[in-house]
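The values are calculated or read from the model by the stated rules, or taken from the named source; none is laboratory data. In this text, all values refer to a predicted model and were calculated from it rather than measured experimentally. Cβ placement follows ideal geometry from the backbone for every residue including glycine, while neighbour counts extend to all protein chains displayed. Quick note on the areas: whole protein, heavy atoms, side chains included, nothing else; ligands and nucleic acids left out. Shrake-Rupley method; radii C 1.70, N 1.55, O 1.52, S 1.80 Å.
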Amino acid sequence: MEPKLIQKIFTDTAYVRVGGSPEELKAAEYIRDICASFGATATIEEFDVQMATMHTDTLTVDGVEIPCKGYLNAGSHEVEAPLYYLAGKDKYALEGCRGKIVLFDGYLGYWRYRDLLDNGAIAFITFDGNVNYADRDIDQRELRPYVSKGDKLLGVNINAKDAVKMIEDGVKEIRIEVEQDEYVGNSQNVVIELKGEREEFIALTAHYDSTSLSTGAFDNMSGCLGLLHMIEYFSKNPHSYSLRFIFCGSEERGLLGSKAFCEAHAEELADIDLVINLDMIGCTMGKFIACCTTEKNLVSYLECFGAEKGFQIAPYQDVYSSDSTPFADKGVPAVSFARIAPKETATIHNSYDTLDLIRTEQMSADIDFITAFTQRMADAVYCPVLREIPENIKTKLDEYLLRKRKK
């Protein structure tokens, strides 16, 4: 793909594309049209997602209102109670949640939410941003259905600066009011198939949605550019395995697009020999990783292939937090490629994820390596990756997908 086209695609898609929004659909249609310019037919496959329209979200701290964003899909209600800062996870710390509005560090994960419910919290407060940054951005977060399972607590998200000040000031009473409409909307996957000589195929995935603060250049239009390059390349070059490219929607909302694809195409999963996922490539700094949710032999294979190509790569066996995981959970071996940058040089899920993070030369080098690896797999007489998921990885999948609590 020509550098000018890469630059144009980044520029044309430099807007927030939250899963289920009109902007996400706009990006899906744009990707479809780019594929058509390569002579490839793309299909847009819709799937249901939970949506909400926020009308009121206020946080009052000892009588003073501070900026917040209410958690979507967490219900509508008013609560007032003392503040409790939950800094630990031990039994004694959790017992302090009862009857309180709980402030805690980090994201609202499934097990943290279960702990809040089990220990009698009546609402919660999270925070993001950085006390050292000039901005006062606040991310729009949601209570995901697979986290709440119908048990809803009100929650708000605030900026880190306000969270620190609340603790410094010894805040006593908190009042939260949230009013929203909740409904079922649509997100979509964009799917392209390039037939090969065989019926079996290799699936290639990348998500094209973003978070609420981000235009998502690095995370993850960069991965989408990698797929678009390979669609252009393999539409002109023969390959033994058929190839299916899936631009996944609503990844940032819990891998919803890849989960929906696996459900809608359940009978076809047996014909997928390998999934290759691209999630964040081409940034100026950082190491290139390959997370292999496969047998360990692929780690060694990629080490050798990197040496053959003169390309620095750090492969390892694990579960990657992206669209490769739902496929691996269905028994399909998967590898995720990413360039992991130091947080001082590139951050994601915020307003700093822009085209400025991408270096054209690095983007081209990353895409060339992934294309060469895909070519090797697509031309294989028999896919060299065993179609089985090792027991240690099955355990990690159980933990990641919340079937087991990590010890």
| Within segment 220-233, is even one residue among the small types (Gly, Ala, Ser) and within 30 Å of LEU143 (Cβ to Cβ)? | yes
| said: For segment 85-100: of the residues being free of Cβ contacts under 8 Å to residues at least 24 places away in the same chain and farther than 26 Å from THR60 by Cβ, which is most open to solvent (accessible area, probe 1.4 Å)? | reply: TYR92
| query | Exactly one of (1) loosely packed, with under 14 Cβ neighbours inside 10 Å; (2) in a helix (DSSP H, G or I); (3) not polar (S, T, N, Q) is unmet by PRO82. Its number? | reply | (2)
| task | From LEU204, LEU117, LEU108, grab the single residue that is outside any helix (DSSP H, G or I), under 27 Å from LYS404 (Cα atoms) and either in contact with a strand residue (DSSP E or B) (Cβ under 7 Å, 6 or more places away or on another chain) or at pLDDT 95 or above (or both). | result | LEU108
| Residue, surrounded by the most Cβ atoms within 10 Å (Cβ to Cβ), within segment 1-34, restricted to residues that are of a type in the set (A, V, I, L, M) and more than 19 Å from the chain's Cα centre (by Cα) | ILE34
| query | Name the pairs: first residue in segment 150-179 and over 11 Å from CYS68 (Cα atoms), second residue among the small types (Gly, Ala, Ser) and surrounded by 23 or more Cβ atoms within 10 Å (Cβ to Cβ), Cβ to Cβ under 6 Å, at least 6 apart or on different chains? | reply | LYS152/ALA74; LEU153/ALA123; LEU154/ALA74; LEU154/ALA123
| Quick check: anything in segment 35-56 under 29 Å from SER351 (Cα atoms), surrounded by fewer than 17 Cβ atoms within 10 Å (Cβ to Cβ) and more than 26 Å from the chain's Cα centre (by Cα)? | yes
| query | Got a number for residues in segment 304-337 being open to solvent by less than 10 Å² (accessible area, probe 1.4 Å) and in a strand (DSSP E or B)? | reply | 4
| Any idea which residue in segment 120-154 is most open to solvent (accessible area, probe 1.4 Å), counting only those that are assigned to a strand (DSSP E or B) and hydrophobic (A, V, I, L, M, F, W, C)? | PHE127
| Selection within segment 1-45 - among the acidic types (Asp, Glu) and without any contact (Cβ under 8 Å) to a residue 40 or more places away in the chain | GLU2, ASP12, GLU23, GLU29, ASP33
| remark: The correct count of residues that are part of a helix (DSSP H, G or I) and farther than 21 Å from THR205 by Cβ in segment 1-36 is 8
